[in-house]
1. Using the Cβ atoms and a cut-off under 12 Å, what net charge is assigned to the surroundings of LEU112, where Lys and Arg are +1 and Asp and Glu are -1?
2. Just subtract the alpha-carbon distance of LEU119 and VAL29 from 0.36 nm times their residue separation and send over the number in nm, one decimal.
3. Which shape class, rounded, prolate or oblate, goes with segment 90-138 when its Cα gyration tensor gives a ≥ b ≥ c as root eigenvalues, a/c under 1.5 marks rounded, and past that a/b bigger than b/c marks prolate?
4. Can you tally the net charge around ALA4? Count Lys and Arg as +1, Asp and Glu as -1, for every other residue whose Cβ sits under 10 Å from the Cβ of ALA4.
5. Using 0.36 nm per residue of separation minus the Cα-Cα distance, give me the extension gain between PHE99 and SER41 in nm, one decimal.
6. At a threshold of 8 angstrom on Cα-Cα distance, excluding pairs fewer than six apart, so keeping six or more, what relative contact order does segment 67-145 reach in percent?
7. Packing-wise, with mean Cβ within 10 Å as the measure, how do 118-129, 11-22 rank, highest first?
8. Tell me the Rg and the Dmax, in Å, that the Cα atoms of segment 13-116 produce.
Amino acid sequence: MNKATFLQRAAAWLIDQAILSIIYSLAAVAIGVIIRAYADSGIPVPNLIVAPSVIVFSLAPTVGHFLYFGYLWSQRERSIGMGMMNIRVVKSDGHSLSFVMAGLRGSLGYFLSGLIFGLGYLWFFVDKEQETWHDKIFNTAVLKQ
């Protein structure tokens, strides 16, 4: 297997994070417009709506990452950023990831790799297989096309 370089992986990750940040920002603006219109109407917002809304809004990036990577990696073996860098992610046996596995790798896996000062990403440099923590956890490989 011809594995992707750290720079290819990092560039793909940055592209994907930029895309997701734009999507989340547009969603936040849309929600802000709706809230402002509601506030300007003079109708009081019940606290029963506010608290769950804050919780849902806080979880949106995790769900967004899960759906974005879950769909793209399970259907195309590459995200938009990976496609631009000519790399793909597969299970270590060469098969495609399932939707759930791909979604968890892109949300929970990325979170765990970045949790302690990005050590899980930097693990690439000390691992003889050039794998990150999320590669090890989900038994995946990032390959050049």
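1. Values: positive: ARG105, LYS136; negative: ASP135.
Around LEU112, the charge tally is +1.
2. That works out to 29.1 nm of additional length.
3. On the way: a/c = 4.01, a/b = 1.31, b/c = 3.07.
Oblate, because a/c is 1.5 or more while a/b does not exceed b/c.
4. For residues surrounding ALA4, the net value is +4.
5. Value of the extension gain: 16.7 nm.
6. Working: 111 pairs, mean separation 26.3, N = 79.
Relative contact order, segment 67-145: 33 percent.
7. Highest mean packing first, the order is 11-22, 118-129.
8. Rg and Dmax of segment 13-116, Cα atoms, are 17.4, 59 Å.
The values are calculated or read from the model by the stated rules, or taken from the named source; none is laboratory data. Everything numeric in this text was worked out from a predicted model, so none of it was measured. With ideal geometry, Cβ positions are generated from the backbone for all residues, glycine too; neighbour counts draw on all protein chains shown. In case anyone asks, the SASA skips ligands and DNA or RNA and just uses the protein heavy atoms, side chains included. Shrake-Rupley method; radii C 1.70, N 1.55, O 1.52, S 1.80 Å.
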